[in-house]
Amino acid sequence: MPFAPLRRTRGLAVGAALVAASLGLAACAGDAASTETSPAESADLGDLSVQLSWILNEEWSGELIADTEGYYVDAGFSSVNLIPGPSSGIAELLSDTADVSFTDALSVGAAVANESAPLKVIGATFQKNPFTIASLADGADITTPEQMIGKRIGVQDSNRPVFDAFLAANDIDASEVEIVPVQYDPAPLVNGEVDGLIAFVTSQSVTLEVQGIEVTDLLFADNGLPFVGHVVAVTDESIASDRERLKAFLVAEIQGWTDAVADPAAGAELAVEEYGADLGLELETSIASATAQAELLVVSDETAENGLFTISDDLQQQTVASLINSGFDVTAADIFDLSLLDEVYAEHPELIAYER
């Protein structure tokens, strides 16, 4: 039975409210910059290429902070190249054009199931995937998956697989909805060209909310398709041959995201003013998005206890169940290898630096 949808009602007040919330997060979070953890400070780990699934906006607050604060260099890397998307990151890993990819668990599972791709997830930034069907509260107001039937749903090409999986998880045939090809801008929803839009609850939905437009969010994670998001994916070969490099990368990532949780505005400002300066990002919207993702996606009771990027056994099984419901026959052992993260926290317990 579907959970109730997330309905946004705060309108223009969201910017101030979320900025205020970021101060609350800062009060309960540790400062990763103060942790003296450099597992490879005397080593030269060379260059690392990291394929991102999206543009250089606030979604990558932890990475932008890690780069700016020198956490990657402190970890032993000469440089870390953050390659913007959009991209699933799978092709880059398999062609050796990227050492690490940030992608979604469904993409990894599909590649493993369909192509026997030698890939593993070694951690996850988001404990909850951010996918949603956004609709206007004074429009289609889609509150259950069944209400998509007969509606026009805007779907980006790159998100068609996850949308198909969402339909399958809710026993809805693709022929029962009108799929409208769109891009990532929420304008077609506002203009009435579509009734619902695949979006990120922390991105397009927040953008509309900041504009004073009330949005109803039908979260995939709460309606039959829970899986971890922004996963760190690598090849099996790299786990075997580059283990220390990957562990060093995870240390820098944890430091960067600990700072991003403590001060969401910091990552948003880096995105708007530096890394994504040519993207036309709005600071208020970016801060709102960065704060929402810290509250809703990055931090959980389990990460507070076990550390950022960890994936509990239960969450692994939920992810596998979503993959199986989507037609991909995999097990947790097929797609997850969290041994590197376990070693990182065993060697550096101080990285569990905040309380929820």
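Which condition breaks for Ala333 when tested against (1) of a type in the set (A, V, I, L, M, F, W, C); (2) open to solvent by 30 Å² or more (accessible area, probe 1.4 Å); (3) in contact (Cβ under 8 Å) with a residue 24 or more places away in the chain?
(3)
If you check Ser116 against the conditions, is it surrounded by fewer than 18 Cβ atoms within 10 Å (Cβ to Cβ), at pLDDT below 95 and among the hydroxyl-bearing types (Ser, Thr, Tyr)?
no
For Ala268, state whether it is farther than 29 Å from Ala169 by Cβ, touching a residue at least 40 places away in the same chain (Cβ under 8 Å) and of a type in the set (A, V, I, L, M, F, W, C).
The answer is yes for Ala268.
Out of (1) part of a loop (DSSP other than H, G, I, E, B); (2) open to solvent by less than 70 Å² (accessible area, probe 1.4 Å), the odd one out for Ala294 is which?
The failed condition is (1).
Residues of region 186-240 being part of a loop (DSSP other than H, G, I, E, B), of a type in the set (Val, Ile, Thr) and open to solvent by 10 Å² or more (accessible area, probe 1.4 Å), which ones?
Selection gives Ile213 alone.
Looking only at region 126-161, which residues are part of a helix (DSSP H, G or I) and open to solvent by 10 Å² or more (accessible area, probe 1.4 Å)?
Of everything in region 126-161, those that are part of a helix (DSSP H, G or I) and open to solvent by 10 Å² or more (accessible area, probe 1.4 Å) turn out to be Glu146, Gln147, Asp157, Ser158, Asn159, Arg160, Pro161.
The values are calculated or read from the model by the stated rules, or taken from the named source; none is laboratory data. From a predicted model like this one, the values you see are computed outputs, not experimental measurements. Because the Cβ atoms are built from the backbone with ideal geometry, glycine has one as well, and the counts that use them run over all protein chains shown. Quick note on the areas: whole protein, heavy atoms, side chains included, nothing else; ligands and nucleic acids left out. Shrake-Rupley method; radii C 1.70, N 1.55, O 1.52, S 1.80 Å.
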